[in-house]
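The values are calculated or read from the model by the stated rules, or taken from the named source; none is laboratory data. Nothing here was measured: the structure is a model prediction, and the numbers come from that model. Cβ coordinates were reconstructed from backbone atoms using ideal geometry, including for glycine residues, and neighbour counts include every protein chain displayed.
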Amino acid sequence: MNYISTRGDTTPRKFCDILLEGLAPDGGLYLPQQYPQIDAATLAAWREVHAQQGYAALAFEILSLYIDDIPAADLKAICAKTYTSEVFGSEAIVPLKKLRDGFFLEALSNGPTLAFKDMAMQLLGNLFEYELARRGQQLNILGATSGDTGSAAEYAMRGKKGIRVFMLSPHGRMSAFQQAQMFSLQDENIHNIAVEGVFDDCQDIVKAVSNDLAFKRRYSIGTVNSINWARLLAQVVYYFAGYFQATASNDERVSFAVPSGNFGNVCAGHVARMMGLPIHQLVVATNENDVLDEFFRTGLYRVRSAADTHETSSPSMDISKASNFERFVFDLLGRDGPRVKKLFTDALASSGSFDLSADPAFKQASSTYGFVSGKSSHADRLDTIRQLFEQHGVMVDTHTADGVKVAREHEQAGVPMIVLETALPIKFAATIVEALGREPDRPAKFEGIEALPRRVQIMSADSGAVQRLIAANC
Ligand SMILES: *Cc1c(COP(=O)(O)O)cnc(C)c1O
C-alpha cells in the first residue's frame, strides 16, 4: 500500500515513512492510494477471527492491508501487545452496551486515560518505539492539549525507548481529574509544561517551535496530533468490532453516531465504510461548535474565529476547524487534489470558508457517503445524561451524551444504531454533578489520584523558553 497527499502530491510513500511525519510536504494529509475492498468472504472470515481470536487479531487483519513495510510477524506482535485486557479493561476491548433493542453504546473509553484516544495512541506508542529502534533514531514529541489528547499521548509514550514527550497545557484550565492524570506521571521521558495562557497560546508555541526548521531538525521534533494516518487507521478497527457485536450476520447494516470535533474518529468510520463494511449512516454529532453540522446541512464549511469558538461542557469537541475534514472532502470531490488544495489554502485564507452547496458532489455526502449530522447544546447534554441514568441506569459523559442526542434524531427502523462512547463520566465530573446531583463513579485504579505528587513546570507563554527546556532535556 502506498500513500498520497490530499493536495495533489502523488509521490507514493510507505506507511513507516508517513508514520513519523505529520503533514505531507505540500501541506495536505495522507491517504492510501486506494481503499482495500472487503468482499463477503473476507468479511465472513473477519467475523470469525474476531469471535475466535479477539480484537488484537482483527486489528492485525485490517492493519496488514495498509502496512506492508513491517514484517507480518512483527505487526502481529505489536497488535497483540497493544490490545490487551490489562490495558483496556476487558477481553472485548470495545464492549457493546445495549440500551434497548437496536440502540447500543460502544465503549471506547476503558483504556489508560478513559477516552477513545487511547485506542489509537496506545498503538502509536508501540509503532513509534518499533520504528525508531529499527532506524536507530530518537523522537521528541511536542504537543498542546486541552485534556484528552495530551494524557492519551503521555500514557502511550511513557517509558518508551527513544521517545520524549513535551506536552503543553493551559495552566489551571483542564479539569481537576485531567490535571491529576497527566501531572502524576513520574516517568523520566514525560515533561508536563503548564503554560500561563489559554489553549491557543499553547498551540502557537508548538507552531513557533515547529516553524524553526533548524531547531526542529536538530532535536527531531515530531507530533502525535489527530491528522496522523496511523491514528486514524487504528480507529478503523473498532467500527468492524462494533459491527460484529451488534449484528448476527453480515447481511445486516448498522449506523454509527460519533461525537465529533476534528473529524478524526468519524473519518475512520468513513474509511471502514469505503472498505465495504455495511454501514448505513455515519451520524456526525457536534456540540455548540457546529462547524461540521453546518457543512453537512448546508454545504458551507466555515472556519470559526477564536472569539467564535465556544468553551462548552464537552470540551474535547471545542474546535474552530475540523483538521481531518480535508480527507473526506478529497474523496467527496473525486480525489481532485489540486481542487482540494485551492479550497483549503486560497479559499480558507481569503474568506475563511468555502461553499459546496451548488456542487453536485455535495448531495453525495449523504446519498453516497452516508453522512448526516446534528448538534447538541449544554441543556441537551444535561437532559440526555439524566434520561439515560433514569431509564437505563447508565451514566455517560458529556461527549457521549451529544452522540446519543443526535443519534436519536437519525434512528431508522430496522437499522441498529451504535453510539461511540468517547470518554467516561469521571473525566467531566462537574457536568455530571450538575445533571444528576451526584459524583460519577470512579474506576478503582483512579482512587486518590488528585493527591499524588505532581511533575509539572509552570512557564510563561514563551516559545524560546520551551525550546531551552527541550534542549536541556535532550
Ligand atoms: C477527541 C474527542 C472527541 C472528538 O474526536 P474527533 O476525532 O476530534 O472528532 C470526542 N470526545 C472525546 C471524549 C474526545 O476526547
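Here the stretch 286-316 is the region considered, the condition is being in contact with a Lys or Arg (Cβ under 7 Å, 6 or more places away or on another chain) and among the aliphatic types (A, V, I, L, M), and the residue that is surrounded by the most Cβ atoms within 10 Å (Cβ to Cβ) is 291. Just one of the numbered conditions (1) farther than 16 Å from residue 453 by Cβ; (2) surrounded by fewer than 24 Cβ atoms within 10 Å (Cβ to Cβ) is not true of residue 188: (1). Taken over the stretch 329-365, the criterion of being farther than 18 Å from residue 291 by Cα and of a type in the set (Asp, Glu) is satisfied by 331, 336, 346, 359.
Among the residues making up the stretch 83-129, those that are touching a strand residue (DSSP E or B) at 6+ places or on another chain (Cβ under 8 Å) and aliphatic (A, V, I, L, M) are 94, 96, 99, 105, 107, 108, 114, 115. In the stretch 283-312, which residues are within 12 Å of the ligand (Cβ to nearest atom) and not in a helix (DSSP H, G or I)? Those that are within 12 Å of the ligand (Cβ to nearest atom) and not in a helix (DSSP H, G or I): 284, 285, 286, 287, 289, 312. Within the stretch 260-272, residues that are of a type in the set (Phe, Trp, Tyr) sit with their Cβ atoms under 8 Å from residues that are more than 6 Å from the ligand (Cβ to nearest atom) and part of a helix (DSSP H, G or I), at 6+ positions apart or across chains, in these pairs: 263/292; 263/325; 263/327; 263/328. None of 197, 159 is out of contact with any helix residue (DSSP H, G or I) (no Cβ under 7 Å at 6 or more places or on another chain), at pLDDT 95 or above and of a type outside the set (S, T, N, Q) except 159. Being buried (at least 17 other Cβ atoms within 10 Å of the Cβ) and closer than 30 Å to residue 222 by Cβ is true for just one of 422, 398, 384. Which residue is that? When all the criteria are applied, what remains is 422. Scanning the stretch 237-257 for residues that are within 16 Å of the ligand (Cβ to nearest atom) and either surrounded by fewer than 24 Cβ atoms within 10 Å (Cβ to Cβ) or within 11 Å of the chain's Cα centre (by Cα) (or both) gives no hits. Reported count of residues in the stretch 258-282, each being within 17 Å of residue 327 (Cβ to Cβ) and within 15 Å of the ligand (Cβ to nearest atom), is 15. Among what's in the stretch 417-437 and is farther than 18 Å from residue 380 by Cβ and of a type outside the set (Gly, Ala, Ser), pick the residue that is nearest to the ligand (Cβ to nearest atom). Here the answer is 427.
Cβ-Cβ contacts under 6 Å between residues 6 or more apart (or on different chains), taken from a first residue in the stretch 1-13 that is β-branched (Val, Ile, Thr) to a second residue that is assigned to a loop (DSSP other than H, G, I, E, B), are listed as 4/10; 4/33; 6/28; 6/29.
In summary, helices (runs of 4 or more DSSP H) completely within the stretch 316-396 and bearing 3 or more residues that are more than 16 Å from the ligand (Cβ to nearest atom) and either of a type outside the set (S, T, N, Q) or touching a Ser or Thr at 6+ places or on another chain (Cβ under 6 Å) (or both) occur at 325-332, 337-342, 360-367, 378-392.
Okay, residues lined up against (1) farther than 11 Å from residue 224 by Cα; (2) of a type in the set (A, V, I, L, M, F, W, C); (3) within 10 Å of the ligand (Cβ to nearest atom):
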| site | (1), (2), (3) |
| --- | --- |
| 98 | yes, no, no |
| 107 | yes, yes, no |
| 111 | yes, no, no |
| 116 | yes, yes, yes |
| 123 | yes, yes, no |
| 132 | yes, yes, no |
| 149 | no, no, yes |
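Residues considered: 66, 83, 130. Of these, the only one that is out of contact with any Leu (no Cβ under 7 Å at 6 or more places or on another chain) and surrounded by fewer than 24 Cβ atoms within 10 Å (Cβ to Cβ) is 130. Look at (1) touching a residue at least 60 places away in the same chain (Cβ under 8 Å); (2) over 30 Å from residue 396 (Cβ atoms) and you find that residue 73 fails only one, number (1).
The residues of the stretch 224-236 that are small (Gly, Ala, Ser) and more than 13 Å from the ligand (Cβ to nearest atom) amount to a single one, 230.
Is at least one residue of the stretch 261-279 surrounded by 22 or more Cβ atoms within 10 Å (Cβ to Cβ), of a type outside the set (A, V, I, L, M) and part of a loop (DSSP other than H, G, I, E, B)? Yes, the stretch 261-279 contains at least one residue that is surrounded by 22 or more Cβ atoms within 10 Å (Cβ to Cβ), of a type outside the set (A, V, I, L, M) and part of a loop (DSSP other than H, G, I, E, B).
Does residue 410 satisfy being away from the ligand (no atom under 16 Å from the Cβ), touching a Lys or Arg at 6+ places or on another chain (Cβ under 8 Å) and either touching a residue at least 60 places away in the same chain (Cβ under 8 Å) or over 24 Å from residue 118 (Cβ atoms) (or both)?
The answer is no for residue 410.
Checking each residue in the stretch 134-147 for being in contact with a helix residue (DSSP H, G or I) (Cβ under 9 Å, 6 or more places away or on another chain) and more than 16 Å from the ligand (Cβ to nearest atom) picks out 134, 135, 137, 138, 139, 140, 141, 142. Only one of 23, 31 is within 21 Å of residue 267 (Cα to Cα), at pLDDT below 95 and either not in a helix (DSSP H, G or I) or not charged (D, E, K, R) (or both). Can you tell me which? Unique residue meeting the criteria: 23.
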